[in-house]
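The values are calculated or read from the model by the stated rules, or taken from the named source; none is laboratory data. Bear in mind that the values here come from a model prediction, so they are computed numbers and not experimental data. When we count neighbours, we look across all protein chains shown, and the Cβ atoms used for this are built from the backbone with ideal geometry, even at glycine.
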Amino acid sequence: MRIVLMGPPGAGKGTQAVGLAAALGVPHISTGDIFRSNVSGGTKLGQLAKTFMDAGEYVPDTVTNDMVRDRISQQDALEGFVLDGYPRTVAQVIELDNMLATQGHLVDSVIELEVDKKAVVERLLQRAAEQNRMDDSKEVLEHRLGVYAEQTAPLITAYQARGLLRSINGMGSVDQVKQRLLAAVGL
Ligand code: AMP
């Protein structure tokens, strides 16, 4: 199963993606996590990504696409994966299709977590306080939500037109949302 999990910042995507990947027995691939581990490891990629992340901007497509291409071609991802935080732009959608086509595969399902905006903002501000994340300050957060609306939300319509989209209610406890997600993938 090759699944893309979508939703605005603060929708609880990361937590749910981990649980879904474990239930499916496939790796959880989070571009945000890969960038963050490069930032803390002080790699060249991390230094480049940090400037964009701290400003609430997307890391350039070419950089992100190369990183994902490399990750999904690793052995553990050949049977499937749950992608969390990728694709986020139209160009990334095209690139993901190309990457999978070289393996003879397609995206099987795109799942959108639907949440209300106020709840999202509250969740993010709470996380910022807990984890001291630079990219969750109020101004940066508003910017991130704007970037999401402009660049990423249109992907939902595009995947819907391809008949791949399932939208589930992302409000409620972690466990409630998890049950809905599992049902959406037939588990
Ligand atoms: P996340 O943890 O998924 O919210 O990602 C944190 C940050 O990493 C984002 O705000 C972006 O700066 C960067 N990032 C993660 N995934 C992508 C992506 N697919 N394209 C561009 N930038 C990304």
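Which residue pairs have Cβ atoms under 7 Å apart, sit 6 or more places apart or on different chains, and have a first residue in region 135-149 that is among the aromatic types (F, W, Y) and a second that is outside any helix (DSSP H, G or I) and within 12 Å of the ligand (Cβ to nearest atom)? From region 135-149, the pairs are Y148/P8; Y148/P9. Scanning region 49-62 for residues that are surrounded by 16 or more Cβ atoms within 10 Å (Cβ to Cβ) and either out of contact with any His (no Cβ under 9 Å at 6 or more places or on another chain) or assigned to a helix (DSSP H, G or I) (or both) returns A49, K50, F52, M53, Y58, V59, D61.
Given (1) in contact (Cβ under 8 Å) with a residue 24 or more places away in the chain; (2) within 12 Å of the ligand (Cβ to nearest atom), where does I72 come up short, assuming only one miss? Condition (2) is where I72 drops out.
Looking across region 65-79, just one residue is closer than 13 Å to A21 by Cβ and in a loop (DSSP other than H, G, I, E, B), and that is E79.
Of the residues G80, G41, the single one that is in contact with a strand residue (DSSP E or B) (Cβ under 8 Å, 6 or more places away or on another chain), farther than 20 Å from E142 by Cα, surrounded by fewer than 19 Cβ atoms within 10 Å (Cβ to Cβ) and of a type in the set (G, A, S) is G80. Within region 26-43, residues that are at pLDDT 95 or above reach partners that are outside any helix (DSSP H, G or I) and more than 10 Å from the ligand (Cβ to nearest atom) with beta carbons closer than 6 Å, at six or more positions or on different chains, in the pairs V26/G80; V26/F81; P27/F81; H28/V82; I29/F81. Of all the residues in region 1-47, those that are outside any helix (DSSP H, G or I) and of a type in the set (G, A, S) number 7. Scanning region 1-25 for residues that are of a type in the set (A, V, I, L, M, F, W, C), surrounded by fewer than 18 Cβ atoms within 10 Å (Cβ to Cβ) and at pLDDT 95 or above turns up V18, A22, A23. When the residues of region 41-57 are narrowed to those that are near the ligand (Cβ under 9 Å from one of its atoms) and hydrophobic (A, V, I, L, M, F, W, C), which ends up farthest from M99 (Cα to Cα)? My answer is A55. Just one of the listed residues (P9, P60) is near the ligand (Cβ under 10 Å from one of its atoms) and touching a Leu at 6+ places or on another chain (Cβ under 8 Å), and it is P9. For region 140-161, check the following and say yes or no: at least one residue is closer than 30 Å to A183 by Cα and either part of a loop (DSSP other than H, G, I, E, B) or touching a His at 6+ places or on another chain (Cβ under 9 Å) (or both). Among the residues of region 140-161, not one is closer than 30 Å to A183 by Cα and either part of a loop (DSSP other than H, G, I, E, B) or touching a His at 6+ places or on another chain (Cβ under 9 Å) (or both), which makes the answer no.
From the list V82, V107, V93, V120, exactly one residue is part of a helix (DSSP H, G or I) and modelled with pLDDT of 90 or more. Which is it? V93 is the lone residue from the list that is part of a helix (DSSP H, G or I) and modelled with pLDDT of 90 or more.
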